[in-house]
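Taken together, the values in this text are just the output of simple stated rules run on the coordinates, not laboratory data. Model, not experiment: these values are computed from the prediction. With ideal geometry, Cβ positions are generated from the backbone for all residues, glycine too; neighbour counts draw on all protein chains shown.
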């Protein structure tokens, strides 16, 4: 974008948005895709998408296509969708069912665990065992499929997931089904999509529906993480929260939260907080939208929020959950992929109504798409300069600092670490 | 485009079109946008577009969006459409009416003179007065709005406009209204659009309608500025012109012309010349298209042409006027924005017919769009080479020389000044 | 694409597909277009497309547009479609009939042999004879139009064509007509289109229609050139071929083949081989699709295949022929232009049915488009690596080696010649 990069600092200061190039430059975008896919465990879908051996779906990130497929031992694999012969895509449909993975070009055939089992007329020195499909790292936790594309050893999954387990446990995601999946293609850099998701300072001006569902005090006090409000507002919400926590704990349910700081490898967090007095679940009217899930036998009005990494989230009520993945597609393009889960045995039309189930987030994500695209357009101006975050945007300040500390910068784009940490 | 650039000369010679890279290269295009917007006063619209306090329209040039808005003291401002918070666009519609400029993202609010008057929950050290909207330079002359985007002091508006004042004065543009505005998106570099506008050598092959309105002798003698014909043709037209000037001067109206040479900062010109014997105004049949404007009490058959800079023009008859702006959008894309003015109190349907009013230029500009796009396609060939201008293209020779002298070249694209001036 | 290029080797080894960058890089693509158009004679169409003086068609390759036009002496020329004045395209329609070549911009007029015959109002020193249209090299052989765009002397056409003459002769292409022309736009690099065309290893998995027409033994034994099978399969086909050759030679018709190795300038080949027992011509049912052409008085069940260069081919049966040109359009875009020829006096609807005539290749080329586009998508993965060719892909191994030896590499992309030749 023609910007001049100082050799020792990136023009970034803690508490402000990023310099323009981080929101549009091609090289930085390619570095970002590698950074996210190689250092993080991305939440790509729920295993209920592929219940039978031979079921598969494709997951796309940057230029890569991955085949996520279940084998006959019920193990799920992530294979790069590239034939080891001359490189053709092997699976062409977004989702499907196969007996084996057969390349449509020359019929090279791989079994469901990736071994090359058919390749006719090859020279005698050709070694089939050396031509298995290349694979990404994959783990399943509570039915959620996580993928990592590190070239060598992936980061520890155990260390990645352990703190979320108590939050995931009561929801019974391993016996969930997918009710609806929607994609909101957004003409903006993935970091603007993340920033938008990490604060609720914009909720009042931009999200009437969402604000009708959630307590206004909570949105400001917690919308950008704990400590995103102060003074009377914080005091008022602290009392509301304490009251709900007391009742919920008494009913035997989980409460509480944790959140990483900017030095952590994953920038994670999880929490259980109340939706709003009188709201049983995160629906437009607070009324149930589906049968209770997992171990819940009554509504406690709480919402579980798990942040696995800046582009992977779960938001769960007692009777449904929503998975979010912000898939980077290009410097100015991100796909917001959203998946609604309900109980495995729930029947559409009888036990839940898809329109009712999805309304809060469908309305909100459409609003966010517009907001974020207009943010991107303004950021492309020669006259954009990084702006100061409000108190309600603390989590963005931290996300941006975390990104600047952990991303893999080119030698000419080094930062002065003193400038990107919060003052201590 | 893979061209080799000599370190001391750009491969350009006076009297020829430019080397290929000037018509397609990304870097040169970005330099051009900065050059035009920072050194010239661009004619962006007529003030009648925003008659009331709070009325605004957006002006786009390259990647920039400007909010042109009238405040409560009737002053018009040009603000960069970029919120000082996290950079969102503030105004989203091409035109509208607002009480204040409120960003749709977090509701930061600026008054109509650009001061930040609302930004909730900011840290205590935050200084609102340091976060007014950034502004471009703006001047209004005879109702015409001119904008300049220099980072510091703009070039003198007085020096820029003074020579045009006598030509603008009789038309009463300050009491005009906008009858029609049309945009002709053209897939060509802005310099090819300008070159097309600066000569009438192509009128006979390409513009039957335009040629039926204007005297053939004039089109060749003046189509590329004074001196664009010689010999018998020039002699014949000189006589026609002298006769019309005599009569018009007698009737108390302005005649004459001036034009800058290649060394001038602005490359301006203005003239008053006859349309064609029997034509009262520049309409297909020469008959009036609207009530007389300004100080005119009778038709004198003259046309006033003001060239403010290579991308801003006014062409005015006694009863209407047309504003032209060739807005650069990309190396191969220019928007030709055209605005027809009539008298403020003229009523559509009663006093003027929009189709009749716009026909001559609407037909001609559609023809020019086709011509210019085909010119661009040919210029992209490896076998294009700069061609010699005809006698009727003198003004292009001068425009190109002016551009090469005044643009801000990168160090590797310097020119040998001896080669780009007309031989003296 | 961000790949690292070793200064001494391109990461290419004989017998494998190419490294990723050769299938997508912009610079290499531009080098390829120059290499193909300047060192090869491209088969652009049949002369029956322009039977009358003044008939023309446009041929596009990369960014170039060529006017292929017949003059009044019945000579055919290839002119760059760029006016010598300011560079406009001269001819705008893909095909047409003109008295002279008149630029639509300023009416500069060239006669049908390219001489500038009209350019009004030019300065006295202007020399019309120095402003003829620039031309590419053009030759016509048996009605087939070949073009070369070398800046200076083209490669010898005689040496290029002489070995094909005996194969072309019996088909009477100089008295053919064009029955149908189709374009299959393919989102893939031209080299992937060529590779697909040079082997029949993929025919069984991908081309049911094509496989029903051609002997399976032949497709594998000859599909990637002579020697593309071995062992029993080759022995079996050799016997079939010998039997057909004996009968055909007895009937006085041509049999045999030749093929260049990787060191040859043109990478050509021609052959006459049987279609399949019981098939008179290359149609879905083996039955005639048009009247016999040229000197044929009976069907001999043979097919003549001429490879002029990697992007130009003819496939001819006794009663029709198909011309192929794989026109490079961009790094990831190739137009497959296909032209069906029948006897000059054949009448559509009476002597041939267009759907029947074109079915085998129309079905096959649509399948190839899909295959090749999916090949391209996979090759763009970070995890693609050059794969080993099967025995039935020998001709690809040789094509790729020929390309690496003859293309014009940039200094940083040199190859170690020892690694790109077949082991001897």
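Return P(r) of the range C:38-121 (all Cα-Cα pairs; 5 Å bins starting at 0; whole %; ordered from short to long distances).
Here the calculated profile for the range C:38-121 is 3, 15, 27, 25, 17, 10, 3, 1, 0.
Using only the alpha carbons of the range B:307-411, determine the length spanned along each of the three principal axes and report them from longest to shortest in whole angstroms.
So the three principal-axis extents are 56, 30, 27 Å.
With all pairs of different alpha carbon atoms counted, what Kirkwood hydrodynamic radius in Å does the range B:158-274 show? Can you show the working numbers first?
On the way: mean 1/r = 0.0598 Å⁻¹.
One over the average 1/r among Cα pairs gives 16.7 Å for the range B:158-274.
Please report, for the Cα atoms of the range B:129-227, the Rg to one decimal and the Dmax as a whole number; what are they, in angstrom?
18.6, 60
Each label point is 7 Å from the Cα along the Cα-to-Cβ direction; what then is the distance between the points at residue C:165 and residue B:120, in nm?
Taking the two extended label points, one gets 9.0 nm.
Per-residue mean of other chain beta-carbon atoms within 10 angstrom of the beta-carbon, peptide B:368-379?
5
Based on the Cβ-Cβ distance of residue B:74 and residue B:366, what FRET efficiency does E = 1/(1 + (r/R0)^6) give at R0 = 35 Å, to the nearest 0.05?
E between residue B:74 and residue B:366, to the nearest 0.05, is 0.40.
Suppose R0 equals 56 Å; then what is the FRET efficiency for residue A:354 and residue C:151 from their Cβ-Cβ distance, rounded to the nearest 0.05? Could you put the intermediate results ahead of the total?
Values: r = 65 Å, r/R0 = 1.16.
For residue A:354 and residue C:151, the calculated efficiency is 0.30.
Could you identify which residue out of B:359, B:369, B:177 has the top mean-square fluctuation in a GNM of chain B using Cα springs shorter than 10 Å?
Between B:359, B:369, B:177, it is B:359 that shows the largest mean-square fluctuation.
Out of all DSSP beta bridges in the protein assembly as shown, what portion is antiparallel? Express it as a percent rounded to 5.
95 percent
Inside 10 Å of the C-beta atoms of C:383-395, what's the mean count of C-beta atoms belonging to other chains?
6
For labels at residue C:230 and residue A:295 in the simple 7 Å Cα→Cβ model, what's the distance in nm?
So the two model labels end up 6.5 nm from each other.
Using only the alpha carbon atoms of the range C:325-366, find the Kirkwood hydrodynamic radius as the inverse mean reciprocal pair distance, in angstroms to one decimal.
Radius from the Kirkwood sum: 12.3 Å.
For residue B:227, go 7 angstrom from Cα along the Cα-to-Cβ vector, then report the distances to that same point in the other copies in nm, smallest first.
With the label placed 7 Å along Cα→Cβ, residue B:227 yields 7.3, 7.4 nm.
Could you give me the percent of Cα pairs per 5 Å distance bin for the range A:150-193, shortest bin first, beginning at zero and ending with the bin that holds the maximum distance?
5, 12, 11, 12, 16, 27, 17, 1
Say a paramagnetic label sat at a point 7 Å from the Cα of residue C:130, along Cα to Cβ; which residues of the range B:355-396 have their backbone N under 17 Å from it?
It comes to B:385-391, nothing else.
Given labels modelled 7 Å from the Cα in the Cβ direction, how far is it in nm from residue C:140 to residue B:97?
Using points 7 Å along Cα→Cβ, the separation is 7.1 nm.
Compute the projected area of the convex hull of the Cα atoms of the range C:1-142, averaged over all viewing directions, and report it in nm² to one decimal place.
Directional mean of the projected Cα hull area for the range C:1-142 stands at 12.8 nm².
Specify, for chain A, the residue whose C-beta is closest to the rotation axis mapping it onto chain B, with the distance given in whole Å.
A:26, 7
Ratio to report: Rg/Rh of the range B:276-328, with Cα atoms as the point set and Rh obtained by the Kirkwood method; give two decimals. Please report the intermediate quantities before stating the final value.
Details: Rg = 12.2 Å, Rh = 11.9 Å.
Checking Rg against Rh, the ratio lands at 1.03.
Just to confirm the numbers: residue B:356, label point 7 angstrom along the Cα-Cβ line, distances to the other copies in nm, shortest first?
6.4, 6.4
Once Rh for the range A:25-76 is found with the Kirkwood sum over Cα pairs, what is the Stokes-Einstein diffusion coefficient at 25 °C and 0.890 mPa s, in µm²/s?
Numbers: Rh = 12.6 Å.
Answer from the Stokes-Einstein relation: 195 µm²/s.
Just to confirm the numbers: residue B:135, label point 7 angstrom along the Cα-Cβ line, distances to the other copies in nm, shortest first?
Result for residue B:135, in nm, nearest copy first: 6.5, 6.5.
What is the diffusion coefficient of chain A in µm²/s, taking the Kirkwood radius over Cα pairs and the Stokes-Einstein relation at 20 °C with a viscosity of 1.002 mPa s?
In µm²/s, the coefficient is 94.
Pull out a ≥ b ≥ c, the square roots of the eigenvalues of the alpha-carbon gyration tensor of the protein assembly as shown, then state rounded if a/c is under 1.5, prolate if not and a/b is larger than b/c, and oblate in the remaining case.
In terms of gyration-tensor shape, oblate.
Pairs of alpha-carbon atoms within less than 8 angstrom and 6+ residues apart define the contacts here; what relative contact order does chain B have, in percent?
23 percent
Given the range B:215-327 reduced to its alpha-carbon atoms as identical point scatterers, what log10 I(q)/I(0) does the Debye formula return at q = 0.16 Å⁻¹?
-0.79
Using Cα pairs under 8 angstrom and six or more residues apart, how large is the relative contact order of the range B:181-277, in percent? If you can, show how the numbers build up before the last one.
Working: 75 pairs, mean separation 19.6, N = 97.
So the answer I get is 20 percent.
Taking each residue in C:190-200, count the Cβ atoms of any other chain within 10 Å of its Cβ, then average. What number comes out?
1
Quote the relative contact order of the range C:112-221 in percent (integer), defining contacts as alpha-carbon pairs under 8 Å separated by 6+ residues.
Once normalised by length, the contact order is 15 percent.
Give me the tail of P(r) for the range A:246-311 as a percent: Cα-Cα pairs with distance above 17 Å.
Here the long-distance tail beyond 17 Å is 51 percent of all Cα pairs in the range A:246-311.
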